[in-house]
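Chemist: One structure is given below, represented as C-alpha cells, and several questions about it will come after.
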Amino acid sequence: MNEMDRRDFLKLAGMGGVVFFSGLGTLVDAIGKSAAADDFFFVQLSDTHWGFEGAQLNPDAKGTLQKAVAAVNSLTNQPDFIVFTGDLTHTTDDPQERRKRLREFKDIISQLKVKNIRLIPGEHDASLDNGAAYKEFFGETHYTFNHKGVHFITIDNVSDPRGSVGEAQLVWLGDTLKKIDKNAQIVVLTHRPLFDLYPQWDWATRDGDKVVTLLMPFKHVTVFYGHIHQEHNHFTGHIPHHAAKSSIYPLPAPGSVAKRAPIPWDPTAPYKGLGFREIDTRPKQNDCVLTEYPVTKV
Amino acid sequence: MKKITIRPEIIGIFLIVLVVGTGYSKVCAEQQEQVIKMTAKKFEYSPKEITLKKGVPVVLEITALDRLHGFFCPDLQIHADLLQGKVTRIRVVPVKTGVFAFHCDIVCGDGHEDMVGTITVKE
Ligand SMILES: [Cu+2]
Ligand SMILES: [Fe+2]
C-alpha cells in the first residue's frame, strides 16, 4: 500500500461508514455499493468475554452479549452466517468455571436467528488448557469451509499459550492451500494478529509471518481477527487484516498509552467502542465491503 | 578378575587439566558480568523494575517459580521462555537508553495481562 492509498484509506476509515477493500489491497470507491447475485453477507463478532466482571469497564457485562445478539437479529438483511473470532469467554483458572462460561455462551448465541455459526477460540478460551474445554463444546479449533465459492480458513494461534500457530498447523495450512487456485477468494479467520501489530502488548503471533508467507501467492486474501478490541486495518503486502471491535470493553490504540489497560466505561456514552461488523463478500469483484455496527440497536 | 591399572602419567595430566580448569574459571568469574537475579510467578516478576547501563553487559538469571512463564522485551530484543523450576540465563547488552516494558508472553492464568515490568537503560 503506498502513502497515497494509505491516506485515502484513513480518510475513509475515519468516516466510520462503509469501507471497501478489494482483494488486491486497493480501495474501491464506497459509492455504488450494489448486491450482485453472488454476493453474500456474514457478520463478525469478537471478544465477547462472557463471564467478565468489572463495573468500571462494563456495568452491563451480563447483558451486553445478549444485546449484541439482538442487534444482529435486528439486521434487515440477515447474514448467511456469523463468525465469532475468539475470546468467547473471559479467562478463569477454574476448569469447571471455564466450562460453565462456554455453556452459557453457547446458550446465549443459540438465540441468534441465523443458525450457521462459526467459532474459533481466543487465548481466554483456550490458552490455559490447550483448547481442551473449548473443543468439548465447539469441536476443532482450525478448519476450513466453503461458502458460495469463497474459501474460509480458520487458524488457531491461541491453543498454544505462547501464541503461536505451530508446525503441525502450518503443514496443514500448506496442504490446504495447495488445493486452492491462486486466483480464488480466501478469507482467513483468526484471533491474534498474524503480523507484529504491537508485540509490546502481545499483539502478534510468534510464527504469524509463516502464515502470511504461505498466503502471499494468493491474489485475493482477506484476514479477519479479534484480540485487540477495536477496529484496525493493516496490510501485509497485498493482504488486508481487519481487527473487529469487542462486545465487552474497548482497548486503546496500539502504543497510544503506556499500559494496555482497557478503556473505562463512559456513562455519557454507554457501549461506546463496542460493536460488530457486517462483511459483504463479493466474489465477482474479489473483495469485501465492511460495515461497522454498534453493539446495541440504533 | 580383570585388573584395572591406572597409569600415573594419566593422573598427572588429569590433575593439570583440573588445576588449569579451576584457574580459568576463576579468571572468568573476575571478568564476569553483573548478574541480576529475578523470579517469575503468577502474576509478577521480582524485581519488576531493573536499571541497566547502556553498553554494559549483564546476565539476567530468572527463575520461574510456579509454572511456565515468558520474558519478552521487544524493544531490547530479549525473548525467552522461562521453564518452571529452572534458572534461565539471558545475557543483555543494552544498546539504547530509555524505559522499555517487558511482559510475560505465555498465557499463565487470570492475571497474566498484569505480568509486566520495565527495564530502564541509563547512559
Ligand atoms: Cu485475545
Ligand atoms: Fe479479548
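Since every read-out is calculated from the coordinates, none of them should be taken as a lab result. Because the structure is predicted, anything quoted here is derived from the model rather than measured. Note that each Cβ is placed from the backbone with ideal geometry, even for glycine, and that neighbours are counted across all protein chains shown.
Chemist: Per DSSP helix of 4 or more residues, -39500 (n - 2.57); summed, then divided by the residues of chain A. What does that give at 222 nm, rounded to the nearest 500?
Modeler: Details: 7 runs with 68 residues, N = 298.
Value at 222 nm, helices only: -6500 deg cm²/dmol.
Chemist: Figure the gain on full extension for B:S46 and B:V93 (residue separation times 0.36 nm, minus the Cα-Cα span) and round it to one decimal in nm.
Modeler: Working: separation 47, 0.36 × 47 = 16.92 nm, distance 2.04 nm.
That works out to 14.9 nm of additional length.
Chemist: Of A:A132, A:H151, A:L119, which is farthest along the charge dipole of segment A:112-162 in the positive direction, counting Lys and Arg as +1 and Asp and Glu as -1 at C-beta?
Modeler: Among A:A132, A:H151, A:L119, the one farthest towards the positive end of the dipole of segment A:112-162 is A:H151.
Chemist: Right, next: At 7 Å along the Cα-to-beta-carbon direction for both A:V171 and B:V35, put a label point, then send me their distance in nm to one decimal.
Modeler: Result for the modelled spin labels: 4.0 nm.
Chemist: Now for a different question. Output ³J(HN,Hα) for segment A:224-235: one whole-Hz value per residue in order, computed from phi by the Karplus curve 6.51 cos²θ - 1.76 cosθ + 1.60 with θ = phi - 60°, and x for Gly and Pro.
Modeler: Residue by residue, segment A:224-235 yields 10, 9, x, 6, 9, 6, 6, 6, 8, 10, 8, 10 Hz.
Chemist: Another one. Around A:F138, with a cut-off of 14 angstrom between Cβ atoms, what is the net charge of the other residues, counting Lys and Arg +1 and Asp and Glu -1?
Modeler: Details: positive: A:R98, A:R99, A:R101, A:R103, A:K106, A:R118, A:K135; negative: A:D87, A:E104, A:D107, A:D125, A:D129, A:E136, A:E140, A:D156.
Charge balance near A:F138 sits at -1.
Chemist: 5 Å is the cut-off here: which amide hydrogens, built 1.01 Å from N in the peptide plane, fall below it relative to A:Q185, excluding neighbours closer than 5 in sequence?
Modeler: For A:Q185, the qualifying residues are A:H151.
Chemist: Kindly flag which residue pairs out of A:K245/B:K42; A:K67/A:K297; A:K148/A:K245; A:K100/B:K42; A:K272/A:K297 have an alpha-carbon separation exceeding 18 Å in this structure.
Modeler: From A:K245/B:K42; A:K67/A:K297; A:K148/A:K245; A:K100/B:K42; A:K272/A:K297, over 18 Å: A:K245/B:K42; A:K148/A:K245; A:K100/B:K42.
Chemist: Mind checking which lysines have their Cα closer than 20 Å to the Cα of B:K48? Skip sequence neighbours fewer than 8 apart in that chain.
Modeler: Cα-Cα hits under 20 Å: A:K259, B:K37, B:K86, B:K96, B:K122.
Chemist: Something else: Pick from A:E140, A:E53, A:E167: which residue has the top mean-square fluctuation in a GNM of chain A where Cα pairs under 10 Å get a spring?
Modeler: Maximum fluctuation in the GNM of chain A, among the listed residues, is at A:E167.
Chemist: Does segment A:3-297 classify as rounded, prolate or oblate by the C-alpha gyration tensor (a ≥ b ≥ c root eigenvalues; a/c under 1.5 gives rounded; else a/b over b/c gives prolate, otherwise oblate)? Show your work: numbers first, answer last.
Modeler: Working: a/c = 1.36, a/b = 1.17, b/c = 1.16.
Rounded.
Chemist: All other residues with a Cβ under 11 Å from the Cβ of A:L194 taken together, and with Lys, Arg as +1 and Asp, Glu as -1, what is their net charge? Intermediate results must be reported in sequence, preceding the final value.
Modeler: Working: positive: A:R192, A:R206, A:K210; negative: A:D196, A:D207, A:D209.
Residues near A:L194 contribute 0 overall.
Chemist: May I ask for the net charge around B:A64, where only other residues with Cβ less than 15 Å from the Cβ of B:A64 are counted and Lys, Arg are +1 while Asp, Glu are -1?
Modeler: Working: positive: A:R162, B:K37, B:K41, B:K42, B:K48, B:R67, B:K86, B:R89; negative: B:E44, B:E61, B:D66, B:D81, B:D105.
That sum, taken over residues with Cβ under 15 Å, equals +3.
Chemist: Further, regarding this structure: Under 8 Å for C-alpha pairs, at least 6 residues apart: give me the relative contact order for segment A:68-207, rounded to a whole percent.
Modeler: Working: 214 pairs, mean separation 30.5, N = 140.
Once divided by the residue count of segment A:68-207, the mean separation gives 22 percent.
Chemist: Show me, for segment B:93-110, the HN-Hα J-couplings you get by feeding each phi into the Karplus relation (A = 6.51, B = -1.76, C = 1.60, θ = phi - 60°), rounded to Hz, glycine and proline as x.
Modeler: Taking θ as phi minus 60°, the curve returns 10, x, 9, 9, 8, x, 10, 10, 7, 10, 8, 7, 10, 10, 3, 10, x, 6 Hz for segment B:93-110.
Chemist: From the backbone phi of segment A:42-56, what are the Karplus-calculated ³J(HN,Hα) couplings (6.51 cos²θ - 1.76 cosθ + 1.60, θ = phi - 60°) in whole Hz, Gly and Pro given as x?
Modeler: 9, 10, 10, 10, 8, 6, 7, 6, 4, x, 5, 10, x, 4, 5
Chemist: Using alpha-carbon pairs under 8 Å, 6+ residues apart, how would you state the relative contact order of segment A:38-127 in percent? Don't skip to the end; give the middle numbers.
Modeler: On the way: 137 pairs, mean separation 34.6, N = 90.
About 38 percent, as a whole number.
Chemist: Take the Cβ-Cβ distance between A:K106 and B:K53 as r, set R0 to 41 Å, and report the resulting FRET efficiency rounded to the nearest 0.05.
Modeler: On the way: r = 55 Å, r/R0 = 1.33.
About 0.15, to the nearest 0.05.
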